[in-house]
Amino acid sequence: MSLVLIAEDEEALLEVFSEVVEDLGHRVVRAHNGEEALLLARTEPPDLVVSDHMMPRRTGMQLLHAMRSEPVLAEVPFLLLSAARPSGREAAQTFLAKPVDLSTFEQAVSTALQSRTAPRHESPQAARESATAVSLAREEMLNWVAHELKTPLSSARLNTQLLLRKVHKRGAEDERRSAEAILRQLDRMNGLVTSILDASRLADGKLELKQELKELGPFLQDLIHDWREMQPEMDFHLDLGEPMEPLLLDAERVRQVLNNLLSNAVKYSGESRRIEVGVTLNPGLVLIHVRDHGVGIPANALPHIFERFQRADADRGRGHGLGLFIAAALARLHGGSLSARSTLGEGSTFILRLPRRS
Ligand code: ADP
């Protein structure tokens, strides 16, 4: 049994995190702000600190820096949780974005405790952001929005996941369905909050790509494999075309773009089940198309679907009209583009163009 100090100012989240860690067989000390956490850590040095970032009287990052400067506490593993992405978060051993999944959280706690004696490889003096006063204020406001909305969502999702686990054990079918429905709605709300934040960051030019060399073939195969599992009733076809060299891209963000195109292809598939994803090579460019044979987009709406909050048909579908705006902006950030062709009643083809390395 290890001692885990949990610092979280939201009472509901503090309770659910504590319950999860206690269920893993550890002893928990609870702190409601960063200052209290530091005092408690000095009183009885924990084996792990799990801390929110945005807390009163000392943020999670300030708590981390204070601990790193005290010899007794300097080596204690630190799991930082935050809806925002505070700069310097690399100094924490683990960073988890809120809302966090139950199993991801459990895994992170167990891994951090196992590596109790392993040396940390990141220096605490991580990169400092240089930003103007105006953009800082805006960033702060965004962080505040994310925090305010994501924290209660996080707590609701974790509680629902715990509830689902209990209901699964008891085998109560009705309750299981209700809990799953709640979880789906919470996931939609969370998706919307994430989209709003992404859209604002993109509009501000504040979203940075984490590019790496990636083989497109296996990447697309994994993606389509996931979609086949998620939507077994749809018929996904993948045509990878000719072999090609690895691409320099932010895999998470390209996955986000393609997920958006695929989820639209499913949403607006009408009677047709067939969705095709294909790759074509041009000199200097790779073209990835996502084609459906669904409802299509009216010609007068087509030029506007990449604008913020635009939906071709307000009554149809259940989206919020941010997905394509974000997808197109992410494509441009990669030095590429996103375009669409569509015929009403026949289907749509979206084409993502990404640069190849010369
Ligand atoms: P939403 O969340 O509303 O789906 P998007 O930005 O992803 O937002 O899409 C904007 C609008 O474009 C949608 O509301 C829909 O009217 C139209 N659209 C997008 N993809 C398709 C598609 N594959 N088939 C038909 N209409 C589409």
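Listed by first and then second residue, the pairs with beta-carbon distance under 9 Å, at least 6 apart or on different chains, first residue in segment 287-298 and over 11 Å from Lys267 (Cα atoms), second of a type in the set (Asp, Glu) and within 6 Å of the ligand (Cβ to nearest atom), are Ile297/Asp313; Pro298/Asp313.
Those helices (runs of 4 or more DSSP H) of segment 2-81 in which at least 2 residues are without any contact (Cβ under 8 Å) to a residue 12 or more places away in the chain, considering only elements entirely within it, cover 11-23, 34-43. Among the residues of segment 311-332, the ones that are modelled with pLDDT under 70 and more than 6 Å from the ligand (Cβ to nearest atom) come to 4 in all.
The strands (runs of 3 or more DSSP E) falling completely within segment 182-285 that include 3 or more residues that are surrounded by 15 or more Cβ atoms within 10 Å (Cβ to Cβ) map to 247-249, 274-282.
The values are calculated or read from the model by the stated rules, or taken from the named source; none is laboratory data. Bear in mind the structure is a predicted one, so any value in this text is a computation, not a measurement. With ideal geometry, Cβ positions are generated from the backbone for all residues, glycine too; neighbour counts draw on all protein chains shown.
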